[in-house]
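First comes the structure, then the notes that go with it.
Bear in mind these aren't lab numbers, they're just calculated from the coordinates by the rules spelled out. Being a predicted model, the structure only gives us computed values, none of them experimental. Every residue, glycine among them, receives a Cβ derived from its backbone with ideal geometry; neighbour counts consider all protein chains shown.
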Amino acid sequence: MLVVSDSANDLFEKRLVMTSALAFSWTNSDGGTALETDLGWSTSVPFGFGYWRNP
């Protein structure tokens, strides 16, 4: 998973997957729509998220 922001302060999430041909490909796990459209600042900051998989 990769979380990135653009110059318009929008937040996007991308996912790196391996195809059946053993090649990597980026997908839009956010559906191509920004998760957030106003981050409040235009400086570069790190993002993080917590993944919870309940067995």
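Assorted remarks:
- Burial ranking of peptide ranges 17-27, 2-12, 31-41 (average Cβ count within 10 Å, highest at the top): 2-12, 31-41, 17-27
- Here the spin labels are modelled as points 7 Å beyond Cα on the Cα-Cβ line, and at ASN9 and THR27 they lie 3.2 nm apart.
- Residue by residue, region 19-32 carries 3J(HN,Hα) couplings of 7, 5, 8, 6, 10, 8, 9, 8, 10, 8, 6, 8, x, x Hz when phi is fed to the Karplus relation 6.51 cos²θ - 1.76 cosθ + 1.60 (θ = phi - 60°); x denotes Gly or Pro.
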